[in-house]
Amino acid sequence: MDSKRLGFRSKLVHAGATKDKYGSAVTPIYQTSTFGFDSAQDGANRFAGKSEGYIYTRIGNPTIAALESCMAELEDGIGAVATSSGMGAIATAFLALLSKGDHVVSTAAMYGPTRTILDKHLSRFGVSATYVDTSDFESVRGAMRPETKLIYVETPSNPLMQVTDIRAVAKLSHEHGCPLVVDSTFASPVLQKPLTLGADVVLHSVTKFINGHADVVGGILVARDELTYRKLRGMMTVMGCNMDPHQAYLVHRGIKTLGLRVERAQANAIEIARWLEARPEVVWVRYVGLPSHPQHELARKQMTGFGSMISFELKGGIEAGRRLMDRVKLAMLAVSLGGVETLIEHPASMTHAGIPREEREESGITDGLVRYSVGIEDVSDLIEDLRHALEGA
Ligand code: LCS
């Protein structure tokens with residue numbers, strides 16, 4: 001059946017489904033590096049794009065294609081490109097869309113290695129970047145230059161949960177004739193659809209919510225138009241940061257329960273965020289679903305829910321944060337996020353350690369900030385775990 005006509009919950013289960021001669025309920029893992037041609041002419045035709053059929057797994061593979069078609073549908077895009085990691089997706093987007101002399105306007109407080117690609121690597125090829133708090137539209141507008149060729153936004157952002165107005169930034173971006181790329185990892189397509197708000201590319205670290213079970217590293221790019229899609233696919237193919245068929249199978253399996261997981265984790269998160277906000281040991285809590293969040297109203301309009309990522313700071317600063325992280329027992333002290341299990345980490349010394357201290361602090365990532373990714377456990381167990389850890393911290 002054509003899943004395009006189905007509701008979003010049904011799409012999560014059925015999008016990208018392929019039929020084989022055995023009637024398999026799920027797309028099998030085509031664990032093959034290459035595909036035989038029927039004849040020399042058939043091989044030439046496949047390379048020339050004149051006949052259907054796969055060639056080589058770096059270029060395309062049925063298990064990967066099933067996931068790509070699922071994600072393109074979930075994000076309302078025209079095509080998707082799966083990559084070996086979220087960083088593979090981000091590097092592909094930058095390399096496909098930027099040239100020497102181009103300037104990027106980007107979210108300041110975002111996943112550390114995304115800034116590292118721009119600052120340490122693309123800078124060697126003549127690409128420059130200006131980082132601003134993209135949740136402040138006037139800052140984005142003020143950073144635009146004639147040579148700006150890309151706006152890159154992470155929303156909600158890692159680890160401060162800043163929410164950027166995608167529609168407004170997309171309009172600005174298009175007035176300047178440049179594409180808008182949105183890293184929507186913290187939301188997943190269950191909570192926001194950047195392409196429907198005007199973004200040109202949406203990308204995810206599928207390592208997080210989309211796969212959701214802490215057993216795969218992967219990424220995906222979804223494009224709104226054919227030309228951008230071709231640029232992304234061409235770059236991924238020559239860079240060789242393709243996803244593996246087994247990875248794709250696991251991610252596609254994860255997507256079937258994405259809606260259930262996101263909703264359950266979010267229900268836990270709102271309770272935990274409120275509980276934390278009322279604790280005497282806590283200075284502030286950043287959770288998109290709290291009315292105290294600076295972009296709470298925008299999130300209400302732009303997203304269909306608030307997700308399950310929380311940041312907070314304890315009165316005792318970094319030392320109290322360290323004691324808390326060492327004392328929790330149910331929450332695992334680990335980086336990554338968006339899985340069924342609850343994780344806790346320290347951005348300044350872990351995920352965002354690569355951003356120079358001054359710039360990190362300027363963008364609001366303080367040494368005392370603790371990040372908590374809420375899983376789908378019993379919320380009473382999670383709160384008990386935090387209570388016990390806080391009382392001794
Ligand atoms: N985008 C965001 C928003 C991320 O949080 C991450 C990873 C990436 C992209 C990169 O994806 P990867 O290559 O790891 O699949 N964020 C991590 C984090 O906060 N802790 O560990 C990884």
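The values are calculated or read from the model by the stated rules, or taken from the named source; none is laboratory data. These figures come from a predicted structure and were not determined experimentally. Neighbour counts are summed over all protein chains in view; Cβ atoms, including those assigned to glycine, are modelled from backbone coordinates with ideal geometry. Heads up: the accessible areas ignore ligands, DNA and RNA and are worked out on the full protein's heavy atoms, side chains in. Shrake-Rupley method; radii C 1.70, N 1.55, O 1.52, S 1.80 Å.
Worth a mention:
- Residue in the range 209-223 that is over 17 Å from the mean Cα position of the chain (by Cα) and surrounded by fewer than 19 Cβ atoms within 10 Å (Cβ to Cβ) present: no
- Screening the candidates Val163, Val202 for the property of being crowded, with 18+ Cβ neighbours inside 10 Å and not in a loop (DSSP other than H, G, I, E, B) yields one hit, Val202.
- Which listed residue, of Gly88, Gly112, is touching a helix residue (DSSP H, G or I) at 6+ places or on another chain (Cβ under 9 Å), more than 25 Å from Gly259 (Cβ to Cβ), modelled with pLDDT under 95 and within 16 Å of the ligand (Cβ to nearest atom): Gly112
- Test: residue in the range 184-191 that is more than 13 Å from the ligand (Cβ to nearest atom), open to solvent by 10 Å² or more (accessible area, probe 1.4 Å), under 30 Å from Ile344 (Cα atoms) and in a loop (DSSP other than H, G, I, E, B): no
- Note on the range 30-64: among residues that are assigned to a helix (DSSP H, G or I) and in contact (Cβ under 8 Å) with a residue 24 or more places away in the chain, the one that is nearest to Met243 (Cα to Cα) is Ile64.
- Which numbered condition Ser51 fails, given (1) more than 16 Å from the ligand (Cβ to nearest atom); (2) touching a Gly at 6+ places or on another chain (Cβ under 8 Å): (2)
- If the condition is being within 12 Å of the ligand (Cβ to nearest atom), hydrophobic (A, V, I, L, M, F, W, C) and either open to solvent by 80 Å² or more (accessible area, probe 1.4 Å) or modelled with pLDDT of 90 or more (or both), then the range 334-362 contributes Ala334, Val335, Leu337, Leu343, Ile344, Met350.
- Answer residue from the range 307-333, given it is part of a loop (DSSP other than H, G, I, E, B) and within 16 Å of the ligand (Cβ to nearest atom) and is surrounded by the most Cβ atoms within 10 Å (Cβ to Cβ) among those: Ser308
- Among the criteria (1) surrounded by 22 or more Cβ atoms within 10 Å (Cβ to Cβ); (2) touching a Ser or Thr at 6+ places or on another chain (Cβ under 7 Å); (3) not polar (S, T, N, Q), the one Met239 does not fulfil is (1).
- Just so you know, in the range 131-144 the residues that are surrounded by fewer than 20 Cβ atoms within 10 Å (Cβ to Cβ) and more than 22 Å from Gln302 (Cα to Cα) include one that is nearest to the ligand (Cβ to nearest atom), and it is Ala143.
- Residue identified as touching a Gly at 6+ places or on another chain (Cβ under 7 Å) and away from the ligand (no atom under 13 Å from the Cβ) among Arg167, Arg253, Arg230: Arg167
- Considering only residues in the range 74-130 that are free of Cβ contacts under 8 Å to residues at least 60 places away in the same chain and in a loop (DSSP other than H, G, I, E, B), the one that is most open to solvent (accessible area, probe 1.4 Å) turns out to be Lys100.
- Members of the range 166-183 that are open to solvent by less than 10 Å² (accessible area, probe 1.4 Å) and either over 18 Å from Ser135 (Cα atoms) or assigned by TED's automatic domain parsing to the domain that holds Ser363 (or both): Cys178
- Residues that are among the hydrophobic types (A, V, I, L, M, F, W, C), assigned to a helix (DSSP H, G or I) and buried (at least 22 other Cβ atoms within 10 Å of the Cβ), drawn from the range 242-257: Ala248, Val251, Ile255
- Any chance Glu147 is without any contact (Cβ under 8 Å) to a residue 40 or more places away in the chain and open to solvent by 40 Å² or more (accessible area, probe 1.4 Å): no
- Within the range 213-225, the set of residues being assigned to a loop (DSSP other than H, G, I, E, B) and within 13 Å of the ligand (Cβ to nearest atom) comprises Ala214, Asp215, Val216, Val217, Gly218.
- Number of positions in the range 131-151 that are of a type in the set (Phe, Trp, Tyr) and in a strand (DSSP E or B): 1
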